[in-house]
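A short worksheet on the structure shown next.
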Amino acid sequence: MTQMTGSPAQPAPQNSEKRIVLAFGTRPEATKMAPVYAALSRQPGLTPLILSTGQQRQMLDEALAVFGLTPDEDLNVMTDRQTLADLTGRIVPQAGRKLREMGADMVLVHGDTTTSFCVTLSAFYEGIPVGHVEAGLRSGNMREPFPEEANRRLTGVLSGLDFAPTPGSRANLLREGKDPGGVFVTGQTAVDAVREVAGRVPLRPEWRERLDAGGRLVTVTMHRRENLPVMAEMARALADVAYAYPDCHFVYPVHLNPAVQEAVRPALGDLPNFELTDPLDYANMAPLMAASALLVTDSGGLQEEGAALGVPVAVLRNVTERPEGLEAGVLRLAGNDPGTIREVIGGLLGDEAELSRMRAARNPYGDGQASGRIAQAVAWHFGLAEKPADWQ
Ligand code: UD1
């Protein structure tokens, strides 16, 4: 161990191979950490290992399989309808013990999940340094997204190295008093992931046929906790939009959370142009997104993936922690109120000129090389690589 969690990053003298544990538990973390794992494997002196909390079971396993990854250790904590407190109570005591057994010299966590915060807290108690990938995103509202805004802030209090996807996210961290020497602007690893995977698998033939017949595809995802109380109404608003645009075929891979399934299936299950599917693995999701006229989502990752693929995104939230996409013009907030949803999404699907302007927006989330920069920063931290001159 070279440094206590939370202290500023200082290069340490080079010694033996360093064990870098990537800890995650949900589908989006796996997708965005897979390219980081690959980059760490290529970096001399570093050995990456994966600790899964298993916060999600089937969805995590499917995400890892796309990248040919298997966890080295798995805490397997998921239970049906788990509460946030249940998860916290299971992950915190187990993660630290496991990190110690794995001989972790550093742990890398991602973003804003309960897994990220709990593993960070546990590593802090063990004195293991934490690197935070996708650090510094802020919506400015603790209730939205809930509990993610709190998770990423709490993680940032304890992390020693922070990998901010954009200059704006770095500025958020410096405003909160973080040591500038440990905060690196890397780009978003979602861009690395989507570029690697899009094009690997062709668009499913049934969707290709619709495009060939002159139809449009719209990808929908909706699962956020803070939207659950109004999700049935949101789904009915989406049904109204689908009635208004019979040329659009909506594809909604429904999250496995039973609360989400119960909210959306009654409103959307019987519409001819609304396809409710099981969750899609990333190899099938990436070409679907790339072929879509619009993404409609309350997720975080799809906002970046849309920007990276040049596909407009209507965001089913009132605020976003990804303001760069709003400024660039590829994102539009549609809120979670049924009236606004009908107006914004209906308006966009009826305005081809506006969709085309959004498609032409610049991608503010990076150049697809974020993971290599993160691996190099980790190596630099251990005195195993130079610090690139262009790091802020
Ligand atoms: C979590 C993350 C959220 C992320 C999302 C991606 C937190 C606080 N939230 O939210 O940021 O966008 O994952 O999916 O960490 N389930 C299954 N099988 C699975 C996965 C989930 O059955 O493979 C069911 C379980 O009943 C589980 C429920 O879904 O209890 C909720 O999953 P959980 O990971 O607790 O929360 P999410 O709302 O998915």
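Just so you know, all these numbers are worked out from the coordinates, no wet-lab data involved. Quantities reported herein were computed from a predicted structural model and do not represent experimental measurements. FYI the Cβ positions are ideal-geometry reconstructions off the backbone, even for glycines, and counts take in every protein chain you see.
Structure above, values below:
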item: Cross-link partners of LYS18 among lysines (Cα-Cα below 17 Å; sequence separation of 8 or more within a chain); result: LYS98
item: Summed side-chain charge close to GLY45 - residues other than GLY45 whose Cβ falls under 14 Å, Lys, Arg +1, Asp, Glu -1; result: 0
item: Rounded to the nearest 20 debye, dipole of the range 264-335 from Cβ charges on Lys, Arg, Asp, Glu; result: 200 debye
item: Most fluctuating residue given options GLU304, GLU206, GLU144, as computed from a GNM of the chain linking Cα atoms under 10 Å; result: GLU206
item: Highest average packing first - 280-286, 183-189, Cβ atoms within 10 Å; result: 183-189, 280-286
item: Relative contact order, percent, the chain [alpha-carbon distance under 8 Å, six or more residues apart]; result: 18 percent
item: Cα convex hull of the range 204-359, projected area averaged across orientations, nm²; result: 8.2 nm²
item: Cβ charges +1 (Lys, Arg) and -1 (Asp, Glu), total dipole of the range 204-359, debye; result: 20 debye
item: Protection-proxy order for peptides 156-168, 356-368, 212-224, each taking the mean of Cβ atoms within 10 Å per residue, highest first; result: 156-168, 212-224, 356-368
item: Most mobile of THR79, THR155, THR47 in a GNM of the chain (Cα contacts under 10 Å); result: THR79
item: Largest-first principal axis extents, alpha carbons of the range 180-292, Å; result: 53, 38, 22
item: Positive-end extreme of charge dipole, the range 171-223 - chosen from GLY182, MET222, ASN172 (charges on Cβ); result: MET222
item: Viscosity 1.567 mPa s, temperature 4 °C, Stokes-Einstein D of the chain from Kirkwood C-alpha radius, µm²/s; result: 61 µm²/s
item: Three-way shape call for the range 154-244 based on the alpha-carbon gyration tensor, with the a/c threshold at 1.5; result: oblate
item: Cα-based reach from LYS178 at 20 Å (exclusive), listing lysines while leaving out same-chain residues under 8 positions away; result: LYS387
item: Calculated from backbone phi, Karplus (6.51, -1.76, 1.60) coupling profile of the range 269-282 in Hz, x at Gly/Pro; result: x, 10, 7, x, 10, 10, 9, 9, 10, 5, x, 9, 6, 5
item: Charge tally in the Cβ shell below 14 Å around ALA104, where Lys, Arg are +1 and Asp, Glu are -1, ALA104 excluded; result: -1
